[in-house]
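This report concerns only the one structure given below.
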Amino acid sequence: MIGPLLKKILFKNKDYRFTEKSNTEEIKIKEQPINPDLERTIQIFSKIYSIPVNKDVIVRTFKISGLEKKAAVLSIGTITDPNLLDEHVLKPLLTNTDNRRKIDEILGVRGLSTANTNKEAIEKINDGNAILFVDGEQFAYCINIENFQSKDITKPDNEVVLKGPKEAFTEKVSTNISLIRKRIKNEGLVVESFVVAKRSRNEVNLVYIKDLANEKLLNNIKERINNLNVDTIQNLALLEQHIEERELSLFPTVLYTERPDRAATFLEDGYIVLLMNNSPASLILPATFWSFFHTPEDHYMRYIYGNFTRALRLVAMFITLFTSAIYVGLTNYHTEMIPPDLLLAIASTREKVPFPAFIEVFLMEIAFELIREGGLRVPSPIGPTIGIVGALILGQAAVQANIVSPIVVIAVALSGLCSFTVGDISLNYTIRLSRFLFIISAGLFGFLGMAALFTAGMFYLVSIKSFGISYLSPMTPKYISSKDTVFRRFLKNEIFRPGYLKPKDMKKS
C-alpha cells in the first residue's frame, strides 16, 4: 500500500503513458479484404513486408497456364520448404493445360485453405504458408508448406531415467504433439490453439482428453490464457510466470516437464497440458506438491525399488533442509543435547574459528551455491571439474586457515549433495532457498524458531491452490484417488484417477 501511494505523490504531475507507435495506416490496410487487382495486392504486401529490403520474403509473379490468369506467390523462404513450393505449387500451375480445372484442383497439396482479408493472409504467411494471389479473385490461397527448423528428438537433459523411454520434447510444437499422439491413440485427444501475444502472435496449444478433463477446470485455464494482455511470450518458461497464481510464492504451482511420456501419463489422469513452439518442454496444469516430488522412474521400476528411491529422496530432502540449521541451533542454544565427547570434539575444532556458528555456516552455504552456479554456467566439459576441484580446494583451504571448522564443511557438503536428489528444478530451488530460512531461524531462536517456521510453512502449503486445486491433495483434503503421495501402490491397485481433478471418468478401466 505504501509503494503505490509514494508513486502517486512523487510522480503526480508526470504522465508516463506511451502512445501507440504502430503505423495506423498500415493497421487499416491489414483489416481490408484481399484486393482483386493483383498489382495493387503485390504493392500492399511489398510495403507490409518491406520488399525488396527484406531479403527472406520472396514474391514470384507468373501466368497460370491453361487458365491464362496472372498470379503471384508470396512466401518467407527461411520458414517454407522450397522443394514443396516448386513441385506441388509452381510446377502444376505452370504446366496445366486444362482450362476447365479450378485452381484448388490443380494444386497438389493437402494443407490448402483460403484467406479473405490481408490480416488473415499475413498470419498464414508468418506461420510458414505460401500465399497464392490470383488476378481478379477477392481471396488468396494459403498453402501449408511450413519448414521451421528445430533440433532432432534427443534424450532429456534434466529428467534422466535409467529404465524408461529416452525421448524428449523438441522446440517444434508439431513434433511434440506427434510424440504425445504416439502414446495416446485416442480420438478424444484434443489440441486447441490460442494466440497469447498481440505483436509476435505466439500460439499456445492446449492439450487434453475430452472424455476425462473437467469442464470447469478447462474453462478456468482457457479464461486465464485468453485474459493475457502482453506483446510477446516466446516460450513456456515465460508463459508459466504469466499464468501462475502466486508470483512471489517459493513453491511452484505449474509443473514443467521435458518428457512426453510423463505428459501423456498426466493427460490420461485428466490433467491439462500446454505446448508452445520454441519450448522443448510442456506445462502440466494443475500441479500438486506430489507432482514435483515424484519422478517418472518411480513407476517404471518395480514396487520395492520405486518406493526405496522415494524414501531416499524424502530423507535427502529433510537432510537438505535441516542439517545446517540443526548444527547452528545445537551449537548456539542447545549444547546440552550434544553428548559430552562430541561436544568436546566440536569445541576443539571451533577453538580458533573467529566467527559464530551462524556466520560460519552461512558463508559455507553461500560458497557452495556459488560453486554450483559456476559449474552450471561454464562450458560443459570443464563444468563438473570446476565444481569438484573448487569445492575441495575451498573447503580444505578454509579449514586450514581456521575460517571454518571441519564439521561445518561436512554438514554443508552433506546438505548440498542431498539437494541433488530433488529432480524437479523448481522444487530444487524451493528446498535450497528454504534451507537459508531455516538457518536464519535457528540462528535467531534455535529449535523453537525452526519449529515455528516449519509450522508456518505447513500452514502456507495448505493455503496454496493451483488453478483451484489444493496443493497437498489428495493427502489434505482427502479425495478418492490411487493414494500416490509419499509412497506408491502396486500398479494393479492404482485404479482411480485423482478425485481432486473431478474427471469425467474416475476409474481406470
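Picking from L218, L206, L236, L228, which residue would you name as being surrounded by 13 or more Cβ atoms within 10 Å (Cβ to Cβ), out of contact with any strand residue (DSSP E or B) (no Cβ under 7 Å at 6 or more places or on another chain) and aliphatic (A, V, I, L, M)? Let's see the steps before the verdict.
Values: L218 fails: out of contact with any strand residue (DSSP E or B) (no Cβ under 7 Å at 6 or more places or on another chain); L206 fails: out of contact with any strand residue (DSSP E or B) (no Cβ under 7 Å at 6 or more places or on another chain); L236 fails: out of contact with any strand residue (DSSP E or B) (no Cβ under 7 Å at 6 or more places or on another chain).
Step by step, each of L218, L206, L236, L228 is checked, and only L228 is surrounded by 13 or more Cβ atoms within 10 Å (Cβ to Cβ), out of contact with any strand residue (DSSP E or B) (no Cβ under 7 Å at 6 or more places or on another chain) and aliphatic (A, V, I, L, M).
Please list, ordered by first then second residue, the pairs with beta carbon atoms under 6 Å, 6 or more apart or interchain, first in the range 323-349 and over 19 Å from F438 (Cβ atoms), second polar (S, T, N, Q) and outside any helix (DSSP H, G or I).
What qualifies is T349/S405.
Scan S291, S249 and give me the residue that is under 30 Å from S441 (Cα atoms) and touching a Leu at 6+ places or on another chain (Cβ under 6 Å). Steps first, please.
On the way: S249 fails: touching a Leu at 6+ places or on another chain (Cβ under 6 Å).
Among S291, S249, only S291 is under 30 Å from S441 (Cα atoms) and touching a Leu at 6+ places or on another chain (Cβ under 6 Å).
Going by the structure shown, is S249 assigned to a loop (DSSP other than H, G, I, E, B), more than 28 Å from E123 (Cβ to Cβ) and in contact (Cβ under 8 Å) with a residue 60 or more places away in the chain? Please lay out each step first, then the result.
Working: assigned to a loop (DSSP other than H, G, I, E, B): yes; more than 28 Å from E123 (Cβ to Cβ): yes; in contact (Cβ under 8 Å) with a residue 60 or more places away in the chain: yes.
The answer is yes for S249.
Can you spot a residue in the range 156-175 that is under 27 Å from I469 (Cβ atoms) and outside any loop (DSSP other than H, G, I, E, B)?
Yes, there is a match, as at least one residue in the range 156-175 is under 27 Å from I469 (Cβ atoms) and outside any loop (DSSP other than H, G, I, E, B).
Condition test on S46, is it modelled with pLDDT of 90 or more, of a type in the set (S, T, Y) and out of contact with any Leu (no Cβ under 6 Å at 6 or more places or on another chain)? Step through it out loud before you land on a result.
Numbers: modelled with pLDDT of 90 or more: yes; of a type in the set (S, T, Y): yes; out of contact with any Leu (no Cβ under 6 Å at 6 or more places or on another chain): yes.
In short, yes.
When you check L433 against the structure, is it loosely packed, with under 15 Cβ neighbours inside 10 Å, part of a helix (DSSP H, G or I) and touching a residue at least 40 places away in the same chain (Cβ under 8 Å), yes or no? Give the derivation first.
Numbers: loosely packed, with under 15 Cβ neighbours inside 10 Å: yes; part of a helix (DSSP H, G or I): yes; touching a residue at least 40 places away in the same chain (Cβ under 8 Å): yes.
In short, yes.
If I469 passes every condition in (1) surrounded by 16 or more Cβ atoms within 10 Å (Cβ to Cβ); (2) out of contact with any Pro (no Cβ under 7 Å at 6 or more places or on another chain) but one, which one does it miss?
(2)
Yes/no matrix, rows are residues, columns are (1) out of contact with any Cys (no Cβ under 9 Å at 6 or more places or on another chain); (2) assigned to a strand (DSSP E or B); (3) charged (D, E, K, R); (4) at pLDDT below 90:
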site: K8; (1), (2), (3), (4): yes, no, yes, yes
site: K21; (1), (2), (3), (4): yes, no, yes, yes
site: E26; (1), (2), (3), (4): yes, no, yes, yes
site: N35; (1), (2), (3), (4): yes, no, no, no
site: S50; (1), (2), (3), (4): yes, no, no, yes
site: K55; (1), (2), (3), (4): yes, no, yes, yes
site: H88; (1), (2), (3), (4): yes, no, no, yes
site: D104; (1), (2), (3), (4): yes, no, yes, yes
site: R110; (1), (2), (3), (4): yes, no, yes, yes
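Out of the residues in the range 118-172 meeting the condition of being of a type in the set (F, W, Y) and more than 27 Å from V273 (Cα to Cα), tell me which one is surrounded by the fewest Cβ atoms within 10 Å (Cβ to Cβ). Walk me through how you get there before you give the answer.
Looking only at the range 118-172, we keep the residues that are of a type in the set (F, W, Y), and these are 133, 139, 141, 148, 169.
Narrowing further to those that are more than 27 Å from V273 (Cα to Cα): 133, 139, 141.
Working: F133: 25, F139: 16, Y141: 24.
Across the range 118-172, the extreme among qualifying residues is F139.
Scan H299, H334 and give me the residue that is modelled with pLDDT under 95 and closer than 30 Å to A264 by Cα. Let's see the steps before the verdict.
Working: H334 fails: closer than 30 Å to A264 by Cα.
None of the others qualify; the one that does is H299.
Yes or no, residue by residue, for (1) touching a helix residue (DSSP H, G or I) at 6+ places or on another chain (Cβ under 7 Å); (2) not assigned by TED's automatic domain parsing to the domain that holds I44:
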| site | (1), (2) |
| --- | --- |
| E123 | no, no |
| Q149 | no, yes |
| D152 | no, yes |
| N158 | yes, yes |
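May I ask you to verify whether M458 is in the same structural domain as I326 (by TED's automatic domain parsing), buried (at least 19 other Cβ atoms within 10 Å of the Cβ) and either in contact (Cβ under 8 Å) with a residue 60 or more places away in the chain or among the hydrophobic types (A, V, I, L, M, F, W, C) (or both)?
no
The values are calculated or read from the model by the stated rules, or taken from the named source; none is laboratory data. As the structure is a prediction and not an experimental result, all values here were calculated from the model. Don't worry about glycine lacking a Cβ; one is built from the backbone with ideal geometry, like all the others, and counts go over all protein chains shown.
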